1. Of the residues LYS245, LYS255, which single one is surrounded by fewer than 20 Cβ atoms within 10 Å (Cβ to Cβ), more than 29 Å from ASP37 (Cα to Cα), more than 13 Å from the ligand (Cβ to nearest atom) and modelled with pLDDT under 95?
2. Could you list, in sequence order, all residues of region 149-165 that are within 15 Å of the ligand (Cβ to nearest atom) and part of a helix (DSSP H, G or I)?
3. Which residue, of ASP37, ASP62, is over 16 Å from the mean Cα position of the chain (by Cα), at pLDDT 95 or above and surrounded by fewer than 18 Cβ atoms within 10 Å (Cβ to Cβ)?
4. Taking into account only those residues within region 197-207 that are closer than 18 Å to PRO119 by Cα and outside any strand (DSSP E or B), which is farthest from the ligand (Cβ to nearest atom)?
5. Applying the selection to region 170-189, what residues are surrounded by 12 or more Cβ atoms within 10 Å (Cβ to Cβ), more than 17 Å from the chain's Cα centre (by Cα) and free of Cβ contacts under 8 Å to residues at least 60 places away in the same chain?
6. Identify the residue in region 81-126 that is within 10 Å of the ligand (Cβ to nearest atom) and in contact with a Pro (Cβ under 9 Å, 6 or more places away or on another chain) and, among all such residues, is farthest from GLY224 (Cα to Cα).
7. Across region 208-235, which residue is surrounded by the most Cβ atoms within 10 Å (Cβ to Cβ) among those that are part of a loop (DSSP other than H, G, I, E, B), near the ligand (Cβ under 10 Å from one of its atoms) and not basic (Lys, Arg)?
8. Name, by its number, the condition in (1) basic (Lys, Arg); (2) outside any helix (DSSP H, G or I); (3) touching a helix residue (DSSP H, G or I) at 6+ places or on another chain (Cβ under 8 Å) that does not hold for ARG89.
Amino acid sequence: MKYSPDEAKSLKTDYDRDGFVALRGFLSLVELQTLKDNLERYIAEVVPTLPKEDVFYEDKADASTLKQLIRMSQNDAFFAEMQNQGVFREVAEILLGREVAPQNLQFFNKPAKIGAPTPPHQDGYYWMITPMEGCTMWLALEDVDEENGCVRYARGSHSEGVREHGWTNTLGFSQGLRDFPTESDQANEVVMRAQAGDLLVHDAMTVHWADGNSSENRSRRAMGLVYYSDRAETDEVARDAYKKKLHDSLQAAGKI
Ligand SMILES: O=C(O)CCC(=O)C(=O)O
């Protein structure tokens with residue numbers, strides 16, 4: 001186990017209070033390098049075999065603008081092991097306080113100059129689960145700050161319920177808060193600068209967003225992992241209807 005019972009208790013207290021927690025230096029340099037090597041392998045060998053719905057580019061005619069890879073743990077044994085066993089799952093179990101059901105593992109990039117902002121949203125709005133118990137992990141693969149588009153949280157927003165979302169034009173983040181920013185969002189904003197190997201974790205209901213990448217030549221690469229609690233049930237009918245609508249609109253816009 002990576003965390004002692006006392007450390008686990010303290011992490012959960014912080015997480016329950018704020019709606020997020022930052023685990024600095026979560027991966028060692030060696031672990032991070034193994035992950036990056038596998039990401040490179042996945043991009044070179046697995047991506048060409050995937051359905052277009054699992055791979056997003058800022059400009060799909062230009063492979064250097066790769067923006068997002070989804071369902072990586074369903075598509076590859078290394079990433080399945082990363083999500084389903086070991087330290088990430090341990091952290092999810094500590095923070096959710098029970099057994100978990102691993103979901104999606106993703107790669108997020110914001111290419112220099114063109115990486116788009118991430119609209120403010122609550123992940124749980126997309127998930128359509130009851131009870132609303134889940135967390136998202138965000139692992140920095142390189143140093144991330146205001147210039148290349150770090151994540152920002154509204155501290156405590158996880159305790160204020162689901163807010164109204166509407167469709168956005170952002171590839172990979174189709175839903176955004178309609179009433180953002182409220183005074184409370186502004187007062188509670190926390191800028192989450194991160195160094196390579198840091199892990200951020202937020203609750204299903206935590207409001208979060210990120211700027212675009214305004215740098216000249218820095219990428220902004222990260223991995224995202226989603227876990228639900230083992231008792232969360234998905235409303236399959238609503239979920240399938242949403243997925244179909246999303247697929248049709250991405251296809252109509254020529255984005256996939
Ligand atoms: O990488 C980002 O900009 C945001 C990621 C995010 O919103 C998420 O993982 O829920």
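1. Testing whether each residue is surrounded by fewer than 20 Cβ atoms within 10 Å (Cβ to Cβ), more than 29 Å from ASP37 (Cα to Cα), more than 13 Å from the ligand (Cβ to nearest atom) and modelled with pLDDT under 95 leaves just LYS245.
2. If the condition is that a residue be within 15 Å of the ligand (Cβ to nearest atom) and part of a helix (DSSP H, G or I), then SER157, HIS158 are the ones that fit.
3. ASP37
4. This residue is MET205.
5. THR182, SER184, ASN188, GLU189
6. Within region 81-126, the match that is farthest from GLY224 (Cα to Cα) is PRO120.
7. The selected residue is ASN213.
8. Here ARG89 clears every test but (2).
The values are calculated or read from the model by the stated rules, or taken from the named source; none is laboratory data. Just so it is clear, the model here is predicted, and its values are computed rather than measured. Neighbour counts run over all protein chains shown; Cβ positions are idealised from the backbone, glycine included.
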